[in-house]
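Report on the following structure.
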Amino acid sequence: MVALIPALILALLAGTSVVPATPPSDSSAHTWSVDAAKSQAQFSVRKFLFAHVRGTFPGLSGTLQRIDTHIGADLVQVDATLEVAGLEMTDADDRAHALGANFFDAARFPVIRFDSDPFPLDELASGGTLRGLLTLHGERHPVILALLPSDCPRQPLVCVIRVRGTIARSSFGMGAWRGVLSNKVELDLRISLAELAASH
C-alpha cells in the first residue's frame, strides 16, 4: 500500500490543470500633453461680402489620451482649452469688440473648451471626422470638425495635428451684428504634442 502512494501522487499531479496568471493591463495606454507654446486656434468671420475678421488664440492647452477598450480597438480622445483673454487681433478696436459682451464676453466666460468623442488613433495619420462638445460663451453643443491628414503619416504624433471646421456663432449665443458679420465662423486648430519620448 505504501508503495502505491507515490504513484497516486504522480497521477494526481499529472491530471492537475495549471491556471495561468491574469495578464497585466495594457501598458500602451498613455496621455500626451499639448504643447501650449506651439499650439493655437485661429478663427475667421466674413465681414460684409469680401473682407474677413481674423483672430488667434495662442497657448492652446490640453491632452491627447489613448483609451484602453479591452477589445483591441486603438482609440484616442482629445481635450483642448483656450483662455479667451489671450485673443490676438491686428486691430485693437476689433479685439475690444470681440472680447466684449456682444461676442466672447471674456469677463463672464473666460475659457473655451473642446472635448472630443473617442476616435481611431490611425486617423491622426489618415485624417477623419472629429466629433465632440464645444463649450463657448456659456453654451455647450456638439460640433463636427475635420481632422486633416498628417504631413508625417508614419509618425503623426511628431507633426502638427490640424483640425478645421465651421460653427454657427448664433448657436452659442453670439448673434450680434448679423447684418455685418457672417453667422459662420471658420476654425483652424494647430496642435503640437509634448513629451513624445515618454510614449515609446
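Read-outs: derived from the displayed coordinates by stated rules, not from any lab. Please read all numbers here as calculations on a predicted model, not as lab measurements. With ideal geometry, Cβ positions are generated from the backbone for all residues, glycine too; neighbour counts draw on all protein chains shown.
What size of dipole, in debye to the nearest 20, comes out for the range 32-75 about its Cα centre when the only charges are +1 on Lys and Arg C-beta atoms and -1 on Asp and Glu C-beta atoms?
On the way: 5 positive and 3 negative charges, 87 e Å.
Value, rounded to 20: 420 debye.
According to the Cα gyration tensor, what semi-axes, each the square root of 5 times an eigenvalue, does the equivalent ellipsoid of the range 77-132 have, listed from largest to smallest in whole Å?
Here the semi-axes work out to 31, 13, 8 Å.
Place a point 7 Å from Cα of residue 54 in the direction of its Cβ. Which residues in the range 145-162 have their backbone N less than 20 Å from it?
146, 148, 160-162
How many percent of the alpha carbon pairs in the range 27-199 exceed a separation of 29 Å?
Values: 3367 of 14878 pairs.
Looking at the range 27-199, the distances longer than 29 Å represent 23 percent of pairs.
Sequence-distant or interchain residues sharing an amide H contact under 5 Å with residue 35, placed H: which?
192, 193, 194
With the crude spin-label approximation of a point 7 Å out along Cα→Cβ, what separation in nm comes out for residue 168 versus residue 63?
Here the answer is 3.4 nm between the modelled labels.
Take the Cβ-Cβ distance between residue 183 and residue 154 as r, set R0 to 41 Å, and report the resulting FRET efficiency rounded to the nearest 0.05. Don't jump to the answer; show the numbers that get you there.
Values: r = 40 Å, r/R0 = 0.98.
So, using R0 = 41 Å, E works out to roughly 0.55.
Can you sort 150, 44 so the residue with the fewest Cβ neighbours within 10 Å comes first?
Details: 150 20, 44 16.
So the residues, fewest neighbours to most, are 44, 150.
Run the numbers for residue 46 and residue 194: contour at 0.36 nm per residue of separation, minus the present Cα-Cα distance, in nm. Don't skip to the answer; put the middle values down first.
Details: separation 148, 0.36 × 148 = 53.28 nm, distance 3.39 nm.
Stretched fully, the residue 46-residue 194 segment lengthens by 49.9 nm.
In nm, what is the difference between 0.36 nm times the number of residues separating residue 111 and residue 74 and their Cα-Cα distance?
Details: separation 37, 0.36 × 37 = 13.32 nm, distance 3.02 nm.
Stretched out fully, the residue 111 to residue 74 stretch lengthens by 10.3 nm.
Express in nm, to one decimal, how much length is gained between residue 121 and residue 176 on full extension, taking 0.36 nm for each residue of separation and deducting their alpha carbon distance. Provide the component values of the computation, followed by the final result.
Numbers: separation 55, 0.36 × 55 = 19.80 nm, distance 3.88 nm.
Stretched fully, the residue 121-residue 176 segment lengthens by 15.9 nm.
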